[in-house]
Amino acid sequence: PPLKDPKDFRFIGKPVKRLDSHDKVTGTAVFGIDVKQPEMLVAVIAHPPTFGGAVQQFDAARARQVPGGGDVVEVPTGVAVVADDLWAARQGRAALDVQWDDKGWGTLSSAKIREMLVALCPKGAVARNEGDAAAAFAGAARQVTAVYETPYLAHATMEPMTCLAHVRPDGCDIRVGTQAPTSTQEDAARITGRTPSPLLFPCEYRCGGCVRRADTAFVTDAVHITGAEGRPAQQTCERGDDSAS
């Protein structure tokens, strides 16, 4: 086919204004955490204090007595406290009595992780081997050796990790800012037993992704919570929760 003449280009090579700039500058843009629905519940989750940990048992009696509080639901990543608002949910979580099983990871530390990684370095697979590096080093007039290390860094998003879900008899609504829409839809369909097509899934604006929003655990938690409650539920993972989980 003949190529389009550059004089007929509508967008290429021309300044084009973003369609979302006005809403973002004026604060009217709706991000994931801004989404609200009638009769919406709010949930926060108590996560294991150690990597790989799991719930052993918990007592929710005091959490259910918090004013404005509601139900307590065990989810794959911990124990969720559901309430009418975020403050009540946080107070309910603080009142939880949870016993954790560290699954043998209780002694894991930054120093131990470093030790494990250093031990694994010589066992790495060789992707490419050209020339004679050993001979080149042996004959070099000068050798410079340096070791560079960096600790694990939190993929801290500016907007807290949050997802609103509502499991309905005929489908499931998911309102979230995500970097993994396909995985989100597939995971929600797996949990609810529905094919992806009945899932209403508008992808909201997200304030920072940092690859953190490619994870779907915060979405599946919300789906589990709303499935247990029968009402829309917004699961919010605050900064301290996100850094520790």
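The values are calculated or read from the model by the stated rules, or taken from the named source; none is laboratory data. Predicted model only: the values in this text are computed from it and were never measured. Every residue, glycine among them, receives a Cβ derived from its backbone with ideal geometry; neighbour counts consider all protein chains shown. Only protein heavy atoms, including side chains, enter the accessible area calculation; ligands, DNA and RNA are left aside. Shrake-Rupley method; radii C 1.70, N 1.55, O 1.52, S 1.80 Å.
Structure values in brief
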quantity: Residues within the range 143-158 that are surrounded by fewer than 17 Cβ atoms within 10 Å (Cβ to Cβ) and either touching a Leu at 6+ places or on another chain (Cβ under 8 Å) or under 23 Å from Lys36 (Cα atoms) (or both), tallied; calculated: 1
quantity: Evaluation of Asp85 against (1) more than 17 Å from Met161 (Cα to Cα); (2) surrounded by fewer than 15 Cβ atoms within 10 Å (Cβ to Cβ) (one fails), failing number; calculated: (1)
quantity: Where Trp105 falls short, out of the listed (1) open to solvent by less than 70 Å² (accessible area, probe 1.4 Å); (2) out of contact with any Cys (no Cβ under 6 Å at 6 or more places or on another chain); calculated: (1)
quantity: Test result for Lys36, open to solvent by 50 Å² or more (accessible area, probe 1.4 Å) and under 24 Å from the mean Cα position of the chain (by Cα); calculated: yes
quantity: Verdict on Thr184 being in a loop (DSSP other than H, G, I, E, B), under 23 Å from Ala80 (Cα atoms) and either touching a residue at least 60 places away in the same chain (Cβ under 8 Å) or open to solvent by less than 70 Å² (accessible area, probe 1.4 Å) (or both); calculated: no
quantity: Residues (open to solvent by less than 70 Å² (accessible area, probe 1.4 Å) and without any contact (Cβ under 8 Å) to a residue 40 or more places away in the chain) located in the range 93-102; calculated: Ala95
quantity: Filter pass, Arg231 being among the charged types (D, E, K, R), more than 18 Å from the chain's Cα centre (by Cα) and open to solvent by 60 Å² or more (accessible area, probe 1.4 Å); calculated: yes
quantity: Close pairs (7 angstrom Cβ cut-off, 6 or more residues apart or separate chains): at pLDDT below 90 in the range 187-199, open to solvent by 40 Å² or more (accessible area, probe 1.4 Å) and in a loop (DSSP other than H, G, I, E, B) anywhere; calculated: Pro198/Asp170
quantity: Tabulated pairs, the range 24-40, first without any contact (Cβ under 8 Å) to a residue 40 or more places away in the chain, second in a helix (DSSP H, G or I) and not charged (D, E, K, R), C-beta under 9 angstrom, 6+ apart or interchain; calculated: Thr28/His22
quantity: Yes/no for Gly52 being exposed (fewer than 13 other Cβ atoms within 10 Å of the Cβ) and of a type outside the set (A, V, I, L, M); calculated: yes
